[in-house]
Amino acid sequence: MIGIAVVGYGYWGPNLVRNIAEIPNARVVYVCDLAKERLANVKLRYPAIEITDDFEEILRDPRVDAVAIATPVSTHYPLAMKAMMAGKHVFVEKPMASTGDEARRMVEEAARRKLVLAVDHTFIHTGAVRKMREIVENGLGDIYYYDSVRVNLGLFQHDVSVIWDLAVHDLSIMDYVLPEKPVAVCATGMSHVAGEPENIAYLTLFFESKLIAHVHVNWLAPVKVRRTLVGGSGKMIVYDDLEASEKIKVYDKGITLNGNPQKNGEKVYQMLVGYRTGDMYAPQLDMTEALGRELRQFVECIETNGQPEADGQAGLRVVRILEAATQSLAQRGRVIELEQQRRIA
């Protein structure tokens, strides 16, 4: 029985507690939060779970094998490092840290102590995103582009920009689905509330190949949109997370390139472009709750000394992109190289 302490019982903490409680070989030993009223709610709903506002108490308790952190981003690094230094495995909300250096130290600490470090990239555990990766690997051909939109009205965050709040979802999906990792990023955006971080942003990511990715995030949209397009030489995917059933649609559409070299003056090469239009189909998806699947995988990795799909390296890659995008944003869209020595295959 893997004992887990959940730290933070605000928006996401209750979901963690509920899902861990449903895992046969795991149990929630503690819920830790600084707010007394939140702890009182825990005790009302889960009388067997111990409550505390003292993080150190959790670290001293040998019944706690792992810590699940659902607190503000700025606290992820110090809490996770303390937990790992106390020999606890860590499951941490995304983004895993405020800077790339913090994320790197977390990865190194987990490796040094042979601990499981999992990052809560929830979307990669959904049936839709897993199916999208399967199609990309087996039926899309050469990947041309990845284009995502994630917009809605609110909720404004006061400590992080819209990039760190919303784009982190799309970047984690992109990291999981695409066969390549980006080599550079540029970002533009704007804050429309004085003294607050950017509420709208556009990110463009460049790769070694001709693949290009674009992410649009916005807190000021009149409608809620959660849509991703992935285009390949063979087929194209539309992923709409707001669709009730057909979240993934695969289109047998594209272009065909036919032509022969011609030595006719300056026309060295003439290419004819043809359009191909075929069927659309919506594959059946696994409807298992993503967070439950993710937490079961975390517990299994602790038991078997395995590696979660969204491990510390995946979390680090995403944080480095966010960090570079923030730097580009401050310089009105300058392209920021993701340094060769920092790329993780």
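A few comments on the model shown:
- Alpha-carbon gyration tensor eigenvalues x 5, square-rooted, for the chain, Å: 40, 22, 20
- Accessible area of the chain belonging to carbon and sulfur atoms, whole % at 1.4 Å probe: 52
- A Förster distance of 51 Å, applied to the separation of the beta-carbon atoms of LYS36 and LYS253, puts the FRET efficiency at 0.35.
- 3J(HN,Hα) along segment 20-32: 5, 4, 8, 8, x, 9, 9, 8, 7, 7, 9, 10, 10 Hz, from the Karplus curve 6.51 cos²θ - 1.76 cosθ + 1.60 with θ = phi - 60°, whole Hz, x for Gly and Pro.
- Annotation for segment 317-338 versus segment 85-110: alpha-carbon center distance of 21 Å.
- Ratio Rg/Rh [Cα only; Rh per Kirkwood] for segment 271-345: 1.18
- √(5λ) per eigenvalue of the Cα gyration tensor, segment 64-125, largest first, Å: 16, 13, 11
- Rounded to the nearest 20, the Cβ-based charge dipole of the chain about its Cα centre (Lys and Arg +1, Asp and Glu -1) stands at 540 debye.
- Taking a point 7 Å from the Cα of ALA330 along the Cα-to-Cβ direction, the residues of segment 55-90 with backbone N closer than 18 Å to it are 74.
- Globularity ratio of segment 1-129, using Cα Rg and 2.2 N^0.38 Å: 1.01
- Exceedance of the 20 Å cut-off in Cα-Cα distance is limited, within the set LYS36/LYS88; LYS82/LYS114; LYS210/LYS235; LYS88/LYS114, to LYS36/LYS88.
- Computed over segment 12-63: relative contact order in percent, which uses C-alpha pairs under 8 Å that are six or more apart: 30
- 3J(HN,Hα) from dihedral phi, segment 128-138, Karplus parametrisation 6.51/-1.76/1.60, rounded to Hz, x for glycine, proline: 5, 5, 5, 5, 4, 5, 4, 5, 4, 6, 10
- Segment 168-188-segment 1-40 distance, computed between alpha-carbon centres (Å): 31
- In a fully extended conformation the segment linking GLU339 and VAL225 would gain 37.8 nm over its present Cα-Cα distance, using 0.36 nm per residue.
- Normalised by residue number, the volume inside the convex hull of the Cα atoms of segment 187-248 is 97 Å³ per residue.
- Computed over segment 9-67, the ratio Rg/Rh where both radii use C-alpha atoms and Rh is Kirkwood: 0.93
- Pairwise label distance in nanometres, ARG27 with PHE156, each label 7 Å out on the Cα-Cβ vector: 4.6
- GLU246 paired with LYS114, simple spin-label distance in nm, labels 7 Å along Cα-to-beta-carbon: 5.2
- Residue ranking by accessible heavy-atom surface, 1.4 Å probe, largest first, among MET174, MET280 comes out as MET280, MET174.
- Shape of segment 101-221, Cα gyration tensor, a/c cut at 1.5: oblate
- Amide H within-cut-off set for ASP120, under 5 Å, with H built and near neighbours excluded: VAL92, GLU93, LYS94
- Per residue, the solvent-accessible area of the chain (1.4 Å probe, heavy atoms of protein chains only, all protein chains present) comes to 49 Å².
- Top positive-direction residue, dipole computed over segment 286-345 with Cβ charges, set LEU316, ALA330, ILE302: ALA330
- Note on VAL193 and SER209: their simple-model spin labels are 4.1 nm apart, each label 7 Å out from Cα toward Cβ.
- 3J(HN,Hα) from dihedral phi, segment 284-300, Karplus parametrisation 6.51/-1.76/1.60, rounded to Hz, x for glycine, proline: 6, 10, 6, 9, 4, 4, 4, 5, x, 4, 5, 6, 5, 5, 4, 5, 4
The values are calculated or read from the model by the stated rules, or taken from the named source; none is laboratory data. These figures come from a predicted structure and were not determined experimentally. Cβ coordinates were reconstructed from backbone atoms using ideal geometry, including for glycine residues, and neighbour counts include every protein chain displayed. What goes into the accessible areas is simple: the full protein's heavy atoms, side chains included, and nothing from ligands, DNA or RNA. Shrake-Rupley method; radii C 1.70, N 1.55, O 1.52, S 1.80 Å.
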